[in-house]
Amino acid sequence: MHTQQRFAAHEFLETQEAVRTKAAHIELYGVLFSMAQDTHLKDILFNQQRRMIEGYNFGVQLLQGRGIAVPAPPHTPELRVYEQPQIGLQQPSLPAPNPNATTLSDVSISTIALNLHKTGSAVSMLWANECVEPQIRQYHATSANICQEMAFEMFQYMNYKGYYQAPQLADHTMRTMIGAVQPAQQQQPYQTHFNH
């Protein structure tokens with residue numbers, strides 16, 4: 001006889017919301033994929049959607065109490081698709097948004113996907129910190145890490161295409177700021193004192 005797994009109320013509600021959100025994001029990715037023009041962007045969206053489906057199915061299995069034997073979703077292998085991200089500004093420009101758009105540009109598609117994963121990473125880690133059941137906690141922590149990996153992958157694409165440039169401080173400013181930080185002293189040995 002199968003017994004229903006018991007969850008704390010908040011972790012159950014958070015996990016249910018996570019699964020519901022993943023379902024919506026999977027559909028959103030289908031729409032983004034259909035509008036994307038760049039083949040490389042389409043590849044990224046397709047592969048990320050596959051990972052999102054894996055995370056969704058894993059969450060459903062956990063909620064249904066069948067997650068015990070299910071391995072955690074795999075992480076992205078080290079990304080070597082792009083060169084080192086370009087730091088500094090090279091003629092940045094941002095076109096004005098079109099409030100009457102009927103389709104999205106690749107810039108908007110990649111920006112939506114990037115921010116989706118940035119937010120997903122932050123919220124998933126917040127939920128992980130609220131969970132008491134170890135497997136549910138690990139699910140949210142793993143989701144947070146997968147989201148940050150997919151965000152970094154999208155950032156790399158955007159940086160390579162010139163959509164997302166990373167400004168840099170002047171060298172003397174960085175040296176001054178770094179020089180203002182000092183290392184911490186080592187702790188003194190801790191001794192306990194017992195009253196006899």
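The values are calculated or read from the model by the stated rules, or taken from the named source; none is laboratory data. No experiment lies behind these values; they were computed from the predicted model shown. Here the Cβ is made from the backbone with ideal geometry for all residues, glycine too, and neighbour counts use every protein chain on show. Accessible surface areas use protein heavy atoms only, side chains included; no ligands, DNA or RNA. Shrake-Rupley method; radii C 1.70, N 1.55, O 1.52, S 1.80 Å.
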SASA check, Lys161, accessible area w/ 1.4 Å probe, all protein chains in place, rounded to nearest 10 Å², comes out at 90 Å²
HN-Hα couplings for the stretch 111-124 via Karplus (6.51, -1.76, 1.60; θ = phi - 60°), in whole Hz with x for Gly/Pro, come out as 5, 4, 5, 4, 5, 4, 6, 4, 5, x, 5, 5, 5, 4
Pseudo-spin-label distance Thr102 to Met125, built 7 Å along Cα→Cβ, given in nm, is 4.2 nm
Expected field for Asp38, accessible surface area in Å² at 1.4 Å probe radius, rounded to 10, holds 40 Å²
Length gained, Ala9-Tyr190, 0.36 nm per residue minus C-alpha separation, equals 61.1 nm
Checked the stretch 157-196 with the C-alpha gyration tensor, a ≥ b ≥ c its square-rooted eigenvalues, rounded below a/c of 1.5, otherwise prolate if a/b is larger than b/c and oblate if not; verdict oblate
Over the stretch 110-196, with neighbouring protein chains present, the accessible area per residue in Å² at probe 1.4 Å is 69 Å²
Highest mean packing first, using Cβ neighbours within 10 angstrom, the peptides 45-51, 132-138, 181-187, 109-115 sort as 109-115, 45-51, 132-138, 181-187
Under the rule rounded for a/c under 1.5, else prolate if a/b exceeds b/c, else oblate, using alpha carbon gyration tensor axes a ≥ b ≥ c, the stretch 132-188 is classed as oblate
Expressed in square angstrom to the nearest 10, the accessible area of Thr39 with a 1.4 Å probe stands at 100 Å²
Restricting to aspartates and glutamates and to Cα separations under 12 Å from Lys42, and discarding same-chain partners fewer than 8 apart, the set is Asp106
With a ≥ b ≥ c from the Cα gyration tensor eigenvalues, square-rooted, and the rule rounded for a/c under 1.5, otherwise prolate when a/b > b/c and oblate otherwise, the stretch 90-196 is oblate
A 1.4 Å probe over the protein heavy atoms gives the stretch 138-190 a carbon and sulfur accessible-area percentage of 55 percent
